[in-house]
1. Looking only at residues that are touching a residue at least 24 places away in the same chain (Cβ under 8 Å) and over 18 Å from the mean Cα position of the chain (by Cα) in the range 14-31, which one is farthest from residue 202 (Cα to Cα)?
2. Mind telling me which of the residues 171, 179, 105, 167 ends up being at pLDDT below 85, surrounded by 13 or more Cβ atoms within 10 Å (Cβ to Cβ) and part of a helix (DSSP H, G or I)?
3. I'd like the residue in the range 127-159 that is open to solvent by 70 Å² or more (accessible area, probe 1.4 Å) and at pLDDT below 80 and, out of all such residues, is farthest from residue 220 (Cα to Cα).
4. Residues of the range 193-223 being more than 19 Å from residue 167 (Cα to Cα) and in contact (Cβ under 8 Å) with a residue 12 or more places away in the chain, which ones?
5. Could you list, in sequence order, all residues of the range 1-57 that are in a strand (DSSP E or B) and either exposed (fewer than 15 other Cβ atoms within 10 Å of the Cβ) or not assigned by the TED database to the domain that holds residue 72 (or both)?
6. Could you give every pair whose Cβ atoms fall below 6 Å, whose first residue belongs to the range 70-92 and is in contact (Cβ under 8 Å) with a residue 24 or more places away in the chain, and whose second residue is of a type in the set (Phe, Trp, Tyr), counting only separations of at least 6 or pairs across chains?
7. With the requirement that a residue be surrounded by 11 or more Cβ atoms within 10 Å (Cβ to Cβ) and over 22 Å from the mean Cα position of the chain (by Cα), what does the range 58-83 give you?
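The values are calculated or read from the model by the stated rules, or taken from the named source; none is laboratory data. Values in this document were obtained by computation on a predicted structure and should not be read as measured data. Cβ atoms come from the backbone with ideal geometry, glycine included; neighbour counts cover every protein chain shown. SASA here: full protein model, heavy atoms, side chains in, ligands and nucleic acids out. Shrake-Rupley method; radii C 1.70, N 1.55, O 1.52, S 1.80 Å.
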Amino acid sequence: MERRIKLKTLNVHITCKICRGYLIDATTVTECLHTFCKSCLVKHLEENNTCPTCNIVIHQSHPLQYISFDRTMQDIVYKLVPNLQENEMKREREFYRIRGLPCPKDILPNAGMEEEKPTAEQVAELDLHRMDEQVNVILECTAANLKSMKRRYLRLSSQATITHLKKFIAKKILDGIEKYRDIDILCSDELLGKDHTLKFVYVTRWRFKEPPLLLEYRQKLDL
């Protein structure tokens, strides 16, 4: 039998404990996994370094480095609450329109080619991880047979993987992106796995060091 659940019974799981509204740009504290609206949490952390729910110390000096955009939670909220995503996008566009500024979510590839505004689904597909937590990276070459990058400093989504970085480096300094398997990437002399995300690397290898995250690349060693 089909069982219907009232939305109000789920509110405790999909609302922000700071503003008491439904989660918008859901952002999770990596230390305790409590989730809030991004704007609410960032404002809170301007003067505090603790979680608003459990008061655990996120980080003594850089708490903003330990929060992460929770795409899964945000997708759940938008699917559960009728018209929330559409109404939020309308409010966001109106906010920027009043101030004479372009809405960041409307600045998409091939902007200006069409007059019609992108749908919420199109924005979700084309936001290119701009809403993700960002990680600052510096790339250093440790191999004499590879050339250094002209631009060593990168700002990437925390969800980018080591494989993404390998392909980027291969495209820039080797003959083609298909040669990314010839590259190793290390952090503090430790070889990193191809599926490691930058968030994982930062938290497990660089947690108590100042940004940017220093990564080294070299030609893969023959075993």
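1. 22
2. Working: 171 fails: at pLDDT below 85; 179 fails: at pLDDT below 85; 167 fails: at pLDDT below 85.
Only one candidate qualifies: 105.
3. We begin by selecting, within the range 127-159, every residue open to solvent by 70 Å² or more (accessible area, probe 1.4 Å); these are 128-130, 142, 144-145, 147-148, 150-153, 155, 159.
If we keep only those that are at pLDDT below 80 as well, we get 128-130.
Working: 128: 29, 129: 29, 130: 31 Å.
Only one residue fits best here, namely 130.
4. Passing the criteria: 202, 203, 205, 206, 211, 212.
5. Of all residues in the range 1-57, those in a strand (DSSP E or B) come to 15, 22, 26-29, 35-37, 50, 57.
Residue satisfying the conditions is 57 alone.
6. 77/22; 81/22; 84/22; 84/78; 85/78
7. 80, 81
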